[in-house]
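J.: Here it is, the structure, as structure tokens.
The values are calculated or read from the model by the stated rules, or taken from the named source; none is laboratory data. The structure presented is a predicted model; accordingly, all values stated were derived computationally and were not measured. Methodologically, a virtual Cβ is constructed for each residue, glycine included, from the backbone with ideal geometry; neighbour enumeration extends over all protein chains shown. Accessible surface is based on the protein model in full, side chains and every heavy atom, while ligands, DNA and RNA are left aside. Shrake-Rupley method; radii C 1.70, N 1.55, O 1.52, S 1.80 Å.
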Amino acid sequence: MELIKDLPDRLLFAVPKKGRLHTSCLSLLEGADIQFHRKNRLDIALVKNLPIALVFLPAGDIAKFVGEGNVDLGITGQDMVAEAEAQDKVTEILELGFGKCRLCVQVPVKGGATTVEELVGKRIATSFEGVAGKFFNEIDAKVAANFTSSETKSTELVFVSGSVEAACALGLADGIVDLVESGETMQAAGLHDIVTILSSQAVLIASKRPKHPELVQTITNRIKGVIAAQKYVYINYNVERKHLKEASSITPGRQAPTVSPLENPEWVAVSSMVLKNNVAQSMDALEAIGARDILLFAIQNCRV
């Protein structure tokens with residue numbers, strides 16, 4: 001990390017060095033044409049085609065480094081930003097659409113609590129001490145308002161850095177606070193969630209005082225283009241001019257479809273961006289009004 005001191009002219013961009021966000025981050029950087037080679041076991045990589053240095057850090061540390069202004073940009077989870085209490089110290093520029101999960105209170109399916117109020121005074125295992133502590137402090141206070149001071153109890157948090165879902169089965173805790181993605185791990189451990197504390201996904205965050213604001217904007221625009229390209233496909237088709245209004249309503253594009261005349265004056269060629277998850281329905285509707293030569297093209301990147 002000593003190399004960072006020798007890089008005053010480069011924007012520092014923190015990305016997760018491993019974990020559930022790492023692979024998706026690398027794909028995002030590739031799509032944004034941020035070219036680099038990371039040497040084995042080195043947590044800094046110089047970008048070849050931009051004055052940027054990538055700094056590979058644990059996802060849980062990135063919000064802190066960005067919030068303190070040590071790095072200009074970072075990618076991490078919204079759960080990590082909340083755990084670092086950095087919401088007011090960083091600018092959330094863009095939701096990235098991957099790493100989606102929920103931070104939930106989970107209890108055993110058999111014999112577990114049915115409400116979070118039943119967990120007051122009991123043990124909760126978690127690696128999210130900050131978020132979970134704040135949540136249960138509020139629950140403790142809410143329950144305490146209905147009892148005398150001698151009857152109130154505080155919920156005990158037990159820090160567990162990994163395999164949190166095993167805590168209940170091993171007798172370490174009565175419930176846990178942990179991330180849920182598909183829910184398979186939770187179900188396999190005999191748990192179910194009774195409340196969601198927060199929903200999370202990967203986000204691009206920036207320092208409130210970036211040293212290279214123009215580069216921050218450039219990277220933001222590139223990443224926005226990658227995300228848009230992942231959501232859309234490009235459709236091209238021929239349709240009779242008399243059906244153009246119907247066709248345009250089926251494929252309106254982001255602004256408007258591109259319409260070009262054909263040698264046959266009764267027909268036109270239409271091009272438009274279509275949401276990927278609606279493309280089959282759009283093609284069915286176009287075919288129903290007589291559109292022909294309907295072609296789809298993948299979009300590698302774009303600016304919208």
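J.: Calculated from DSSP H runs of 4 or more alone, at -39500 (n - 2.57) each and per residue, what is the 222 nm mean residue ellipticity of the chain, nearest 500?
T.: Calculated mean residue ellipticity at 222 nm is -8000 deg cm²/dmol.
J.: Right, here's the next one. By accessible area of protein heavy atoms, probe 1.4 Å, what ranking do ARG222, ARG38 get, highest first?
T.: ARG38, ARG222
J.: Okay, next question. Determine the distance separating the Cα centre of the range 209-243 from the Cα centre of the range 1-75; give it in Å without decimals.
T.: The distance from the Cα centre of the range 209-243 to that of the range 1-75 comes to 23 Å.
J.: Given a 1.4 Å probe and the protein chains all in place, what does the accessible area of HIS243 round to, in Å² to the nearest 10?
T.: HIS243 has an accessible surface of roughly 40 Å² with all protein chains in place.
J.: Which one of ALA298, VAL270, VAL239 has its Cα pushed farthest toward the positive end of the charge dipole of the range 232-298, where Lys and Arg give +1 and Asp and Glu give -1 at the Cβ?
T.: The listed residue farthest towards the positive side: ALA298.
J.: Of LYS48/LYS208; LYS18/LYS211; LYS64/LYS142; LYS17/LYS64; LYS100/LYS208, which ones are farther than 22 Å apart at the Cα?
T.: LYS48/LYS208; LYS18/LYS211; LYS64/LYS142; LYS100/LYS208
J.: Any idea which of GLN187, GLN78, GLN230 is furthest toward the positive side of the dipole for the chain, if Lys and Arg beta-carbons carry +1 and Asp and Glu beta-carbons -1?
T.: Ranked along the dipole, the leading option is GLN230.
J.: Follow-up question, since we're still on this one. Can you tell me the orientation of helix 22-31 relative to the chain, as the angle in degrees between its alpha-carbon axis and the longest Cα principal axis, to the nearest 10?
T.: So the inclination is approximately 20 degrees.
J.: In what order, largest first, do ASP43, ASP9 sit by accessible area if the probe radius is 1.4 Å?
T.: ASP9, ASP43
J.: Return the Rg/Rh value of the range 232-298, two decimal places, where both radii are evaluated on C-alpha atoms and Rh is the Kirkwood radius.
T.: 0.93
J.: Then there is this: Spin-label point model (7 Å from Cα, Cβ direction): what's the LEU26 to SER248 distance in nm?
T.: Simple spin-label model gives 4.7 nm for this pair.
J.: Which order do VAL15, VAL109 take by accessible area at a 1.4 Å probe, largest first?
T.: Sorted by accessible area, descending: VAL109, VAL15.
J.: So what does MET273 come to for accessible area, using a 1.4 Å probe and Å² rounded to 10?
T.: 40
J.: Is the chain rounded, prolate or oblate when judged by the Cα gyration tensor, a ≥ b ≥ c being the square roots of its eigenvalues, rounded requiring a/c under 1.5 and prolate requiring a/b larger than b/c?
T.: Taking the square roots of the gyration eigenvalues as a ≥ b ≥ c, the chain is oblate.
J.: If you don't mind, another one. Rounded to the nearest 20 Debye, what is the dipole magnitude of the range 232-298 about its Cα centre when Lys and Arg each give +1 and Asp and Glu each give -1 at the C-beta?
T.: With only Lys, Arg, Asp and Glu charged at Cβ, the dipole is about 240 debye.
J.: What is the sum of charges, Lys and Arg at +1 and Asp and Glu at -1, for the other residues whose Cβ falls under 15 Å from the Cβ of GLY183?
T.: Charge balance near GLY183 sits at -2.
J.: Still on this structure, please answer the following. Compute the acute angle (0 to 90°) between the alpha-carbon long axis of helix 279-288 and the principal axis of greatest extent of the alpha-carbon atoms of the chain; round to the nearest 10°.
T.: Between the helix axis and the principal axis of the chain, the angle is about 30 degrees.
J.: With +1 on each Lys and Arg Cβ and -1 on each Asp and Glu Cβ, and nothing else charged, work out how big the dipole of the chain is about its Cα centre, in Debye to the nearest 20.
T.: Computed charge dipole of the chain: roughly 760 debye.
J.: If you place +1 on the Cβ of every Lys and Arg and -1 on the Cβ of every Asp and Glu, how big does the dipole about the Cα centre of the range 101-200 come out, in debye to the nearest 20?
T.: 100
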